[in-house]
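Visitor: What follows is a single structure, and I will ask about it in a moment.
The values are calculated or read from the model by the stated rules, or taken from the named source; none is laboratory data. If you're wondering where the values come from, they're calculated on a predicted model, not measured in any experiment. Glycine gets a Cβ as well: all are built from the backbone with ideal geometry, and neighbour counts include every protein chain shown.
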Amino acid sequence: MPDSWPSPDHPVIAWRGDTPISRDTLRADVNAATHALAALDATNVALFDTDTYRFAVWLLAAWRNGLTVTVPGDTLPATHAALTLPWIGETPGSVLHDWAHAPAGDALGQPCGTPSLRVFTSGSTGAPSSIAKTLDQLRNETDALEAAFGAAIPQDARIVATVPHQHLYGLLFRVLWPLAAGRAFDCDTLAYPESVWSLPARRAQVLVASPAILKRIPTVPDRGAIAARFDAVFSSGGPLPPDANLAARALLGSRITEVYGSSETGGIAHRHDPQDAWTPQPGVEIALDDDGLLQVRSPFLATDGWLATNDRAAINDGRLTLLGRADRIVKVEEKRVSLSRIEQLLAGCNEVDTARTLLLSRQRDEVAAVVVLSAAGCAALARDGKASLDRRLRDALAGDIERVGLPRRWRYVAALPQNDMGKTPESLLAALFAPPTEPEIVTETRDEHGLTLTLSISPHLAHFDGHFDQTPVLPGVAQIDWAVRHGRARFGITGEFAGMRQLKFQRIIQPGMTVTLALTWAADKQQLGFAYTSDAGAHSSGKIVFGGDAA
């Protein structure tokens, strides 16, 4: 256990609600947990606990025993199976849930080894990769964080977080850095964007957030002003779109400091404005290799040499511009997801012949899968339907892939689409998921009065994307466009659009509705009449004039 963790000037270590946890309480709990761990006769333990204070106690106690602490990012069955270690913390299968009954006062022997940390992240093949961190590396990084950002943060600021401490970003920003710098942290995690509105205004606070939460804060229905004010807001773990950054900044009353890095490298750089280039963290050197990939050298690494990343970049005047990933690891809700790993797992399913995956970035980031089915898969699709097969394949992945990374959209094809070179670029795969722009025509009838179409309004229509997230509405311009298209096709209209008459919008059209579009064509007047109706009543109507004056 590092002698300087926690900081000597640290009377309050943490807060559980409005109850402070003192430095003396921490020392007593760490002492009890140290004795509890000594009885395990282990050199390496897996630690998982959702309570940040309890996690910190177990971590410091394990290091005091000289243990290597492995910090898994989840408790999935595949993770438990892969880690044949004693698990500690408040989690199923744990050999130590608490330290309440540990023997007290017994003299401890010599630590069993050199304390260290192991975290996990997805490698290029998708199999979880173990990354070792020494205490010196971790202390170097907390020192760099204090040097870069500490001057702007009051000593009595409370650290609140939306990110878990089971990943390196949360571990550093909400546990190790506060312990080293003498600031208290909250035990609980803010799980939802709405939680930010519950924070009080009376205290100094720092928000350690994920891009997923920050992107959602501006979309929360009006709850009034956020009372809390933050001395700093941090975002890391994935990209934060510039518009979401600025919208969240306006609500939170503080600029957002984005921190770029990875579990392998630690922090690499930061920026305070989404239009800025990235400034390297104190002590970090950056360069490009011959392929334009970023490489770094820093005191947060295990060696003094350069470490290559999979990020394409440009460097100007010592500052960094990121140009995208060169591998197939994507971020979904700040979770690293290997598309290659998903494809490997799908290929092992009896129903699948070949599978390709991609990331769709729309209102939210989602993994999508394009699957060529085997004979067994084709039979299952015909027998059980698409929804059932979707669920079956998702269930087959669920033991190895976190829920947020499971494919949400599926397409079953006879063969993967190919370009003229015989390759399957991502653009062809993405085209399979392009939202439709036309409604489904359920029935079509024509008589001497005109044409009547029954239309099924799919929730997946492109027109609903971004058009009122809470209450999607079919735009009036889409209704007019459909009337023009079907009128031209059915009545052979060739004139140019000249204007509109008697336009009325009476009721909104929403996803899932079935509506009737009635079209009439007056050739002598070059005038197309349209009316949308449903069981709810009249929705819209008007007359569109072609090839003449609409006045």
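Visitor: Please count how many residues of segment 65-101 are acidic (Asp, Glu) and more than 19 Å from residue 29 (Cα to Cα).
Guide: 1
Visitor: A follow-up question, please. Within segment 210-219, identify whether any single residue is surrounded by 14 or more Cβ atoms within 10 Å (Cβ to Cβ), modelled with pLDDT under 95 and among the charged types (D, E, K, R), and answer yes or no.
Guide: Yes, there is a match, as at least one residue in segment 210-219 is surrounded by 14 or more Cβ atoms within 10 Å (Cβ to Cβ), modelled with pLDDT under 95 and among the charged types (D, E, K, R).
Visitor: Please verify whether residue 448 is more than 23 Å from residue 360 (Cα to Cα) and at pLDDT below 85, treating the condition exactly as stated.
Guide: yes
Visitor: Additional query: Are any residues in segment 62-88 assigned to a helix (DSSP H, G or I) and touching a strand residue (DSSP E or B) at 6+ places or on another chain (Cβ under 9 Å), and if so, which ones?
Guide: 62, 63, 78, 79, 80, 82
Visitor: Residue 74 versus (1) over 30 Å from residue 337 (Cα atoms); (2) within 32 Å of the chain's Cα centre (by Cα); (3) modelled with pLDDT under 90: which is the lone unmet condition?
Guide: With respect to (1) over 30 Å from residue 337 (Cα atoms); (2) within 32 Å of the chain's Cα centre (by Cα); (3) modelled with pLDDT under 90, residue 74 is out only on (1).
Visitor: Taking interchain pairs and intrachain pairs at least six residues apart, which have beta carbon atoms under 8 angstrom, with the first residue in segment 53-67 and closer than 28 Å to residue 17 by Cβ and the second of a type in the set (D, E, K, R) and buried (at least 24 other Cβ atoms within 10 Å of the Cβ)?
Guide: No pair meets every condition.
Visitor: Among the residues of segment 185-196 satisfying the criterion of being surrounded by fewer than 24 Cβ atoms within 10 Å (Cβ to Cβ) and in contact (Cβ under 8 Å) with a residue 40 or more places away in the chain, which is nearest to the chain's Cα centre (by Cα)? Spell out how you get there, then give the answer.
Guide: Our first condition is that a residue be surrounded by fewer than 24 Cβ atoms within 10 Å (Cβ to Cβ); within segment 185-196, this holds for 186-195.
In the following step, the residues that additionally are in contact (Cβ under 8 Å) with a residue 40 or more places away in the chain were identified as 186-189.
On the way: 186: 22, 187: 22, 188: 20, 189: 16 Å.
Residue satisfying both the conditions and the ranking: 189.
Visitor: Can you list the strands (runs of 3 or more DSSP E) lying wholly within segment 487-551 that have 2 or more residues being hydroxyl-bearing (Ser, Thr, Tyr)? It would help to see each step written out before you state the result.
Guide: Working: elements: 497-505, 514-522, 527-534, 537-546.
Counting at least 2 such residues, we get 514-522, 527-534, 537-546.
Visitor: Another question about this same structure. How about segment 319-438: which helices (runs of 4 or more DSSP H) wholly inside it have at least 1 residues that are over 30 Å from residue 279 (Cβ atoms), touching a Leu at 6+ places or on another chain (Cβ under 6 Å) and free of Cβ contacts under 8 Å to residues at least 60 places away in the same chain? Don't jump to the end; show me each part of the working.
Guide: Numbers: elements: 339-347, 375-384, 386-397, 426-431.
The helices (runs of 4 or more DSSP H) meeting that bar are 339-347, 375-384, 386-397.
Visitor: Select from segment 477-504 the residues that are within 40 Å of the chain's Cα centre (by Cα) and buried (at least 16 other Cβ atoms within 10 Å of the Cβ) and write down the one among them that is farthest from residue 445 (Cα to Cα). First the steps, then the outcome.
Guide: Initial filter on segment 477-504 (within 40 Å of the chain's Cα centre (by Cα)): 477-483, 485.
Filter once more, so that each one left must be buried (at least 16 other Cβ atoms within 10 Å of the Cβ): 478-480, 482-483.
Values: 478: 22, 479: 19, 480: 20, 482: 17, 483: 15 Å.
The residue in question is 478.
Visitor: Something else: Hey, any hits in segment 82-97 for a residue that's closer than 21 Å to residue 189 by Cα, touching a Ser or Thr at 6+ places or on another chain (Cβ under 9 Å), in contact (Cβ under 8 Å) with a residue 60 or more places away in the chain and surrounded by fewer than 18 Cβ atoms within 10 Å (Cβ to Cβ)?
Guide: For segment 82-97, residues closer than 21 Å to residue 189 by Cα, touching a Ser or Thr at 6+ places or on another chain (Cβ under 9 Å), in contact (Cβ under 8 Å) with a residue 60 or more places away in the chain and surrounded by fewer than 18 Cβ atoms within 10 Å (Cβ to Cβ): absent.
Visitor: Looking for whichever is surrounded by fewer than 18 Cβ atoms within 10 Å (Cβ to Cβ), polar (S, T, N, Q) and modelled with pLDDT of 85 or more here; the options are 43, 125, 52. Which one fits?
Guide: Numbers: 125 fails: modelled with pLDDT of 85 or more; 52 fails: surrounded by fewer than 18 Cβ atoms within 10 Å (Cβ to Cβ).
Only one candidate qualifies: 43.
So that you can scan it fast, the table gives a plain yes or no per residue for (1) touching a His at 6+ places or on another chain (Cβ under 7 Å); (2) part of a loop (DSSP other than H, G, I, E, B); (3) at pLDDT below 75:
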position: 101; (1), (2), (3): no, yes, yes
position: 118; (1), (2), (3): no, no, no
position: 121; (1), (2), (3): no, no, yes
position: 133; (1), (2), (3): no, no, no
position: 136; (1), (2), (3): no, no, no
position: 139; (1), (2), (3): no, no, no
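Visitor: Among the residues of segment 346-357 satisfying the criterion of being crowded, with 21+ Cβ neighbours inside 10 Å and aliphatic (A, V, I, L, M), which is nearest to residue 73 (Cα to Cα)?
Guide: In this case the residue turns out to be 346.
Every residue, every condition in (1) of a type outside the set (Gly, Ala, Ser); (2) in contact with a helix residue (DSSP H, G or I) (Cβ under 8 Å, 6 or more places away or on another chain), yes or no:
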position	(1), (2)
306	yes, no
312	yes, no
318	no, no
344	yes, no
347	no, no
352	yes, yes
357	yes, yes
369	no, yes
378	yes, no
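Visitor: Within segment 276-307, count every residue that is surrounded by fewer than 14 Cβ atoms within 10 Å (Cβ to Cβ) and part of a strand (DSSP E or B).
Guide: Going through segment 276-307 one residue at a time, the tally reaches 2.
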